[in-house]
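Structure record follows, encoded as structure tokens.
Any read-out appearing in this document is the output of simple, stated calculations on the displayed coordinates, not a laboratory observation. Remember, it's a predicted structure, so these values are computed and weren't measured experimentally. Every residue, glycine among them, receives a Cβ derived from its backbone with ideal geometry; neighbour counts consider all protein chains shown.
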Amino acid sequence: MRERIISSIGFALLALCFVVALARIGLKQWWLPAVEGKEQVTIRVAHWQLEGGVRDAFNAMAEKYMESHPHVRIQQLPVPERIFPNWLITQLVGGTAPDIIQIGLGMTEERKARYFLPMSDLVDLPNPYNAGTDLDDVPLRDTFFDGMESSFSQELLEYYGLPLSGFTVRMYYNLNLLREITGGESLPTTYEELTRLCRQTMDYAKRTRQKISPIAGSKYNAPLLMDRLSSSQTGDLAKRLAYDFLPNRPSTALLASAFRRGDWSLETPEVEAAMGLMRDLGQYMQPGFMQLMRDDASFYFVQGRAVMIASGSWDSTSIRQQADFPVAVGPIPVPAPQSDPRWPYSQGPLADSTVEAGVVMAITRASKHPEIALDFLYFMGSKPVNQLWTDVSGWLPSVVGVKPAEQSKGFAPFLDGFIGGFNLSFSGADGMRVYRNSINRLVSPQGSVDDFRTDLAKSYSSAIAEDLRRSSLGAVQIAQRNDTLLAALSMLAASGEDRASEKLDLLLQSSAGNDYGARRTPAVWKSFEN
Amino acid sequence: MASTFQFNEARDAFVIATGDEAMRKFGEAATLLNVQPRTGGNIQRARRLFEEVARDTPPGSKLSRLSRFYIARVKEFYLAPQDIEGATADYLSLLQEKTADPLIEQGASRLVVIAAFSGGTPADRLQKLAALEKLDSLLETPAGRREFHTSMAYALLDNGGDKSRAVDHFLAADREGFTRKATAVSAWLVAATTAAEIGRNIDARYFFEKMLATYPQDPRNFTVRSLLGRLGPDNG
Amino acid sequence: MPQPVSKRKALHEWKLYLFLVPALVLVCTFSYFPAISAIYHSFFRWSGGEAKEFIALENFTRALEDPVFWGGFLTIGILVVANLFKMIPAICLAVLIHRLRSDRWQYWYRVLVVLPMIVPGLVTLFIWKFFFNPNLGLLNSFLDASGMMPVLAFADRTLGWGGIFQEGIPTAWLGEPALIIPALIIWGFPWIGAVGVLIFLAGLQSIGTEVYEAADLDGVTAFQKFLHIELPLIMTQVRLMVVLMMIGTLQGYGLQFLLLGESGGPGGAGMVPGLWMFNRAFFAGEFGYACALGLFLFVVILGLTFINNKYIRVDK
Amino acid sequence: MSSLSQPVGARRLSDWPKHLGILLLLGLELLPFYMMMQISVKTNSEFLHNPWFPSWPAGWHWQNYAEGLRLMLPFVANSVVVSVSATVGCLFFALLGAYFFARYKMPFSNILWPVFLVLMMLPGVANIVTLFALLKNLQLLNTLWALIILGIAGGQVFCIYVLRNFIEDIPKDLFEAAEMDGATHFAQLVNVVIPMSGPILGTLAILQFLGSWNDFLMPLIVLRDPELFTIGVGLIYLDGEYVKDWGKMMAAFFVASVPLIIIFLFTMKLFVRGLASGALKG
């Protein structure tokens, strides 16, 4: 009997929970909307930027918009990066897609074409929300620092969405530790100063018996740093090896064919210097860093166990929010020319390689109120609101003339530098794989450049061949896909269809280049097979 | 998968264009080329359809010529093994008809690419390329000439040919005007560095400055400026 | 048994049919319809929307040649074999509990056995994911602290595992293709499923005291008792659990999806057929192809069920 | 129960080695639970310095729980609604169906029975793809209804199977007596079947509830709006954060477990006794 009573209490409690939960849902779903009035329109905005500050920035923009548009409710849907592709396809196919979605992860040209609204007709008109600013009559395209390259689909030849941000990669410093170790706050500007700081840190850690590493590394963060450093040595070599080094930072096919011809190898002095530089740097990261993930390294840094971490501007607010110490950022220091005989090929400071904007937000065809979604998109892409975005998120702006927030000054793109050379993982996924498999032999204390080279040489050539094979297939596929599109555009242009001739001309240029690659890459690949 | 969209859009485009039977066949054939996964049967069907259209339409008509162009394309790119000789012959005969169609004139750059990566020694290939120089006189559209000269320039560079000739081809292509950023930047910068290398400073300067003026925000411009600064006096 | 009824009575009781309507409608709509729809759509190129294109057997011929899909069956095979061994702790625990003299203790141990069930499955999974973390994870700390790491590193060096285990370097359990399957096996250690233990205990209940007494008189050791008395008696339950486990392992992919992501982790080492089907549908948008893959999986499981029913009879 | 729990192996000196073995196994099994509890009141740096042992109670970070509650409570509420509705609905319809089969041998019931029985054999693995399309056509995507209805439908076969066997074992005279009193079939179901089948219903309820509570694949592809998330989806989203505060994560994990812990505390016997018999019949 006692048992019965006890279980009854259990079920009663459960029933109570159920009623409360049901009431809560009912309140939110039906009652509140009914009270607030039916004319409320909800615009949903989905993105995967879960880094610190970004959700706040979206909220700030939404609130500001809702102030002036009381009948509109902006709802933000942040979706984790890992499940975003899955989420995207279920929403698109299921017809439940939000009004505005960030473009990139899980996106294909087909999905763009089928599920998103192109903005090509609008890029030459001004953004209404820029009225009254110095961008008043400027065409939409020219209000973004990248000329909306990031929104342009090379395959569909249409513009989709507006970018909100730009990105660069920097070195973050723990200022408390820096002060304690060096007695000052000056950041290293060259590689030599960087390594001096690293050595000082290790002495300090030993002296004070603390577990502190100079640099927090991971599978994700270390390559950001190492690629930069090794490309500081291979600039001149790249120039010699590949005639397209300047526009295309040597194309894979040219580098691979030069490798096949023996014009360069893992013994080439420049490559050896790059390896030496990576090994030199590797000793300053925590042991086994290549086994760690992105969040492990940031965790390490914000817990004060490393003086530095290399990461993108996208991590800046996360890091600042998590760290209970002041953080400074500076460019990744590379060796100055003639500074060290071990790496004699240094040219000097390198320019930031990426200038495309990011966080491109586009309107879906599933939107029930595309005109309001467009209005909000214009709003987000306008100069004053992009300033708000920058100030709250701590990320870089995408609109011309918007000042980076105080804390993100250090991330402003640096263009007055040289173009770096190539990395050993230049060929693609397989090159990257064998390179990463061997890298512990380069950077671990018991490793060496020779050890690494011997290990890498075992599979390097076949990995390049595999990458070439894959990109050959890709190039042929794109070329063939273009054929159908060219036929259609050619017919449309003949019938005088709007914009068809312009599109045809664009596609002719890209398909000619692609056709070229679709023969060149297989030719290089075949040279590896023989 | 990705082609499904184009399959649909292209089919729509053809339907919109006309209700004409030959056009419908042409559209079906063009889309069949990209139905995934690609099967030999589909390609054969596409080829048959193209052949029917080429036969059933007046010989000089756009549709007939485009069909022949696509038959050449099928031979070159879709058959296994490829029929390069057949494709070469088809492209050549189309070009000799002076079609003034920008798409059909792509045949010229196709011929260049085929020659540039054919078998034999680099010297053999350069010889084949030299034989193609005369195609220029057959091209009547800016796009046709532009793509032909661009391909020719790259083909010379890839085979260790005459760099000065390559720069000339870039200049010829540039005269027709690039409208796509990636293509333009690539051509200008390769042309400029090649010209600088062989001492054609005026041309190098021209390409560098065009780059700086057209895309002032580009991250490559620091290097461009420093290379520009290092150029010697203009000496032709 | 249900009472037989005359036609007249049945006609009179026609309302009784209404009792079955909801269940019938639900089952037809949400079990039969999707299954038939899956068969139908497996002959189409279909990306989930209205548009579809009939392609006859192309999805099936493609599936037959799909190395990822069939490779997944190999992974599943390894996991099934591992899962067989992973049943041992549950059996041991059930026997240990059963041999206790005290009723009270038996009861409270059962309560403790059931306790993990009340933690949502996902929570346990994410905690294990945290255990696998190379930097903070308990698995690596344990290996270091217990001195297992040098042993593994030695084994790595002598057996040429390719530097997966190295002293002083954290092991990336979910980041190293060669370690994915071991991680999937270690997951959930010591693998005591509450339902399994309770079922084994139910089976053990039929052992009378006299059996033990007789055994004790013969001076039988504890292990022999297990082998000759307990194991034969719970064989029915063990068979049942094996069947359930096999079917569950073949169908399951949630674990792989959450621990490793939709492509089965680095190198796709943890890819299983179900995950590949899910991946093709909800990542690649190839719904028609996913249907075809699902049908293959269906046939394999169905075949297995028949074999089970034929050879591994579960007697009541 | 009593016959089998006679002092087994009474001549043994002591049970201690067995206790030790059991405790060792159970201790390992409960390790994740222990870690969750002790980390849930730590900050990241506390955890870093002392990963294994509980910290001093005075320094416990209850803020983690404030955050955990804020994060998980709405999800828990949704899960409660879905799981309770699905369980109640499932058992209700299953009782009706089982009654139909168990009470009389109605015409066609020998045809209708295999319709259900066959599904016990057929794996539903291929269905998820087309179920998604079906839900889309029924306009049920991004609703809790989808999850409730799927929960109800998904449990029908198993529950009807178990309940039919059970109802058939109820003495016929009970039904006949009720029928004499003029009770309808529904009244017979309520007054005869339900009171008799308390434990089996409870066991089935727990199984259905657990199944629905632990589901995450369907909610993940069905739900879009955060205000509709069930704990499964909520936990996956939480796991996707770049910066992880482990204490808060663990607190959130614990919050997600609370409803089941409460149910468990009150229905422990049902869990322990019922599960074995219930699962065995399946």
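A few points about this structure:
- Taking chymotrypsin sites (Phe, Trp or Tyr not before Pro) in DSSP loop states with no more than 15 other Cβ atoms inside 10 Å as exposed sites, chain C has its longest site-free stretch at C:162-316.
- 24 Å Cα-Cα reach of C:Lys310 towards lysines, excluding residues that sit fewer than 8 places from it in its own chain: D:Lys281
- Net length gained if the chain between D:Asp181 and D:His19 were fully extended (0.36 nm per residue, minus Cα distance): 52.7 nm
- Averaged over the residues of D:133-143, the number of partner chain Cβ atoms lying within 10 Å of the residue Cβ comes to 4.
- In a fully extended conformation the segment linking A:Gln154 and A:Ile6 would gain 46.5 nm over its present Cα-Cα distance, using 0.36 nm per residue.
- Cα-based shape type of the protein assembly as shown, given that a ≥ b ≥ c are square roots of the gyration tensor eigenvalues and the cut on a/c is 1.5: prolate
- In loop segments of segment D:159-263 as defined by DSSP, there are no chymotrypsin sites (Phe, Trp or Tyr not before Pro) with at most 13 further C-beta atoms inside 10 Å of their C-beta.
- Least to most buried among A:Val443, C:Val25 (fewest other Cβ within 10 Å first): C:Val25, A:Val443
- A straight Cα-to-Cα reach below 20 Å connects B:Lys98 with the lysines B:Lys62, B:Lys134, residues fewer than 8 places away in its own chain not being considered.
- The mean count of C-beta atoms from other chains within 10 Å of the C-beta of residues in D:146-157, rounded to a whole number, is 3.
- Relative contact order, whole percent, for chain A stands at 20, derived from Cα pairs under 8 Å and 6 or more residues apart.
- Restricting segment A:213-280 to GluC sites (Glu not before Pro) that sit in a DSSP loop and have at most 10 other Cβ atoms within 10 Å of their own Cβ leaves A:Glu267.
- One decimal place: the segment C:Gln3-C:Leu64 gains 16.9 nm when fully extended, by the rule 0.36 nm per residue minus the C-alpha distance.
- Set A:Lys403/D:Lys244; C:Lys86/D:Lys42; A:Lys112/C:Lys52; A:Lys112/A:Lys219; A:Lys383/A:Lys503; A:Lys503/B:Lys210 screened for pairs whose C-alpha atoms are more than 22 Å apart: A:Lys403/D:Lys244; C:Lys86/D:Lys42; A:Lys112/A:Lys219; A:Lys383/A:Lys503; A:Lys503/B:Lys210
- Calculated FRET value between C:Val220 and D:Ile194, using beta carbons and R₀ = 56 Å, to 0.05: 0.70
- For a modelled paramagnetic label at D:Leu138, 7 Å from Cα along Cα-to-Cβ, the residues of segment D:79-110 in reach, with backbone nitrogen under 14 Å, are D:86, D:90.
- Largest to smallest principal axis extent of the C-alpha atoms in segment D:173-261, angstrom: 69, 26, 17
- Just so you know, the Rg over Rh for chain C is 1.06, from Cα atoms, with Rh as the Kirkwood radius.
- Take the Cβ atoms of A:Glu502 and A:Glu63, set R0 to 56 Å, and the FRET efficiency comes out at 0.90.
- Counting only DSSP beta bridges with both residues in the protein assembly as shown, the antiparallel share comes to about 60 percent.
- For GluC sites (Glu not before Pro), no site in segment B:23-124 is both called loop by DSSP and has at most 11 other Cβ atoms within 10 Å.
- By the count of other C-beta atoms within 10 Å, a proxy for reagent exposure, B:Ser137, D:Ser55 are ordered fewest to most as B:Ser137, D:Ser55.
- Taking label points 7 Å from Cα along the Cα-to-Cβ direction, A:Leu16 and A:Arg365 give a separation of 5.3 nm.
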